[in-house]
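Peer 1: One structure, pasted below without further comment.
The values are calculated or read from the model by the stated rules, or taken from the named source; none is laboratory data. Quick caveat: nothing in here was measured; it's all calculated off a predicted structure. Note: ideal-geometry Cβ built from the backbone for every residue, glycine included; neighbour counts use all protein chains shown.
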Protein chains: 2
Amino acid sequence: MTETAKIEGFDLLRFLPYLLNQAAEESSLTFQKIYKDRYGLLRTEWRVLFHLGMFGEMTATDIGTRGKIHKTKVSRAVYRLGQRRYLKRMPSETDRRVEWLVLTPAGEAVYRDLRDTAERYETALLEGFTADEVAQLKRVLRRLGGTPDSGNSPK
Amino acid sequence: MTETAKIEGFDLLRFLPYLLNQAAEESSLTFQKIYKDRYGLLRTEWRVLFHLGMFGEMTATDIGTRGKIHKTKVSRAVYRLGQRRYLKRMPSETDRRVEWLVLTPAGEAVYRDLRDTAERYETALLEGFTADEVAQLKRVLRRLGGTPDSGNSPK
DNA sequence: GCTTGTTAGTTACAAAAACAACCATTACCA
DNA sequence: TGGTAATGGTTGTTTTTGTAACTAACAAGC
């Protein structure tokens with residue numbers, strides 16, 4: 001790597017959004033290979049699947065709100081997951097615009113496999129950091145990302 | 001938000017790659033509006049510009065390696081930055097495949113403006129965290145993202 | 001009931017990214 | 001040398017995404 005040093009009082013390598021991107025890129029590229037190679041899933045599809053696996057029945061809008069995923073992305077992911085028979089759609093009895101989404105047994109199996117893999121992957125990723133560092137990192141990231149503190153938040 | 005609770009021992013909201021993504025997404029979407037509205041830059045273009053502003057002369061490959069940006073993305077970003085006269089290309093004397101890239105005065109001006117904006121943005125983003133938290137966050141992120149410790153690293 | 005406004009979700013089209021194939025050069029090495 | 005591999009960079013094609021506009025259903029006020 002050839003380059004001329006050119007120091008000014010700003011270092012891209014310490015610029016937070018840059019660091020966040022690099023770290024996010026690195027960690028999701030690695031994990032992406034797994035769900036893509038193993039099940040042919042796209043990033044959004046994986047995210048939708050995980051939401052359903054974790055929370056059970058949800059509507060498309062619920063998923064979008066929770067995961068900050070745009071509704072068109074959710075819509076297309078749901079469509080593809082449906083085609084692969086990883087989820088089924090159940091029309092709501094009370095509102096005909098709404099469909100409840102729920103994983104099929106096949107979808108559940110994929111979810112469990114990926115969830116376990118994710119857990120192992122995270123463990124590997126965090127090897128070498130102390131429990132304190134990890135806890136603090138996650139706390140800070142949650143605040144930065146605007147993630148609700150815990151499982152439930154009202155609309 | 002309607003949902004059935006379905007607790008199993010894994011929480012997507014605590015899954016590190018997920019948190020990283022949310023935080024990265026949040027922070028770069030906000031900043032994206034600035035460089036897009038103000039200069040019509042694309043994300044990759046902004047990143048390339050910043051690299052050049054920070055390190056001075058570099059080749060396309062250098063930028064790709066440093067920033068983990070695929071070479072086709074770099075190539076197209078360089079092309080567009082060239083069209084806008086934000087950078088100029090200088091053929092290498094020793095290797096006719098290589099071109100050195102360097103910002104024009106116009107490019108420098110854009111860089112300085114965006115850099116300063118970025119600095120203010122980061123300050124706002126990190127308001128409410130202690131200096132210690134920030135330092136530790138960045139240290140951890142650098143390690144996760146495989147970012148070289150400081151400005152210079154040999155090939 | 002009927003008009004107006006919202007909400008859930010899909011679809012169409014344009015912009016951007018991923019992927020692969022491709023020159024032109026330079027490096028390696030028998 | 002000369003032939004093969006590797007490198008720097010660009011271009012073409014296919015996937016994904018982003019943005020807007022749209023349909024269908026519900027809600028609210030009069």
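Peer 1: In segment B:47-60, which residues are more than 9 Å from chain A (Cβ to nearest Cβ) and either surrounded by fewer than 23 Cβ atoms within 10 Å (Cβ to Cβ) or within 14 Å of DNA strand D (Cβ to nearest atom) (or both)? Break it down into steps so the answer makes sense when it comes.
Peer 2: Taking segment B:47-60 and keeping what is more than 9 Å from chain A (Cβ to nearest Cβ), we get B:48-49, B:52, B:60.
Residues satisfying the conditions are B:Val48, B:Leu52, B:Ala60.
Peer 1: So which residues in segment A:19-44 are crowded, with 18+ Cβ neighbours inside 10 Å, within 10 Å of DNA strand D (Cβ to nearest atom) and farther than 15 Å from A:Ala109 by Cα?
Peer 2: A:Thr44 - this is the single residue of segment A:19-44 that is crowded, with 18+ Cβ neighbours inside 10 Å, within 10 Å of DNA strand D (Cβ to nearest atom) and farther than 15 Å from A:Ala109 by Cα.
Peer 1: In segment A:66-113, how many residues are within 14 Å of chain B (Cβ to nearest Cβ), away from DNA strand D (no atom under 12 Å from the Cβ) and touching a Ser or Thr at 6+ places or on another chain (Cβ under 7 Å)?
Peer 2: Within segment A:66-113, residues that are within 14 Å of chain B (Cβ to nearest Cβ), away from DNA strand D (no atom under 12 Å from the Cβ) and touching a Ser or Thr at 6+ places or on another chain (Cβ under 7 Å) number 2.
Peer 1: Kindly indicate whether A:Glu99 is within 12 Å of DNA strand C (Cβ to nearest atom) and either of a type in the set (D, E, K, R) or touching a helix residue (DSSP H, G or I) at 6+ places or on another chain (Cβ under 6 Å) (or both). Please lay out each step first, then the result.
Peer 2: On the way: within 12 Å of DNA strand C (Cβ to nearest atom): yes; either of a type in the set (D, E, K, R) or touching a helix residue (DSSP H, G or I) at 6+ places or on another chain (Cβ under 6 Å) (or both): yes.
In short, yes.
Peer 1: Another one. Taking the condition closer than 23 Å to B:Tyr35 by Cβ and more than 14 Å from DNA strand C (Cβ to nearest atom), does B:Glu133 pass? Spell out the reasoning first.
Peer 2: Working: closer than 23 Å to B:Tyr35 by Cβ: no; more than 14 Å from DNA strand C (Cβ to nearest atom): yes.
In short, no.
Peer 1: Follow-up. Quick check on segment B:83-108: of everything there that is more than 13 Å from B:Glu57 (Cα to Cα) and among the charged types (D, E, K, R), which residue is surrounded by the most Cβ atoms within 10 Å (Cβ to Cβ)?
Peer 2: Out of the qualifying residues, it is B:Arg84.
Peer 1: So which residues in segment A:1-46 are more than 7 Å from chain B (Cβ to nearest Cβ), out of contact with any Ser or Thr (no Cβ under 9 Å at 6 or more places or on another chain) and modelled with pLDDT of 85 or more?
Peer 2: Result: A:Gln32, A:Lys33, A:Lys36, A:Asp37, A:Tyr39, A:Gly40, A:Leu41, A:Leu42, A:Thr44, A:Glu45, A:Trp46.
Peer 1: What is the one condition in (1) touching a Pro at 6+ places or on another chain (Cβ under 9 Å); (2) surrounded by fewer than 21 Cβ atoms within 10 Å (Cβ to Cβ); (3) closer than 20 Å to B:Gly146 by Cα that B:Lys71 does not satisfy?
Peer 2: (1)
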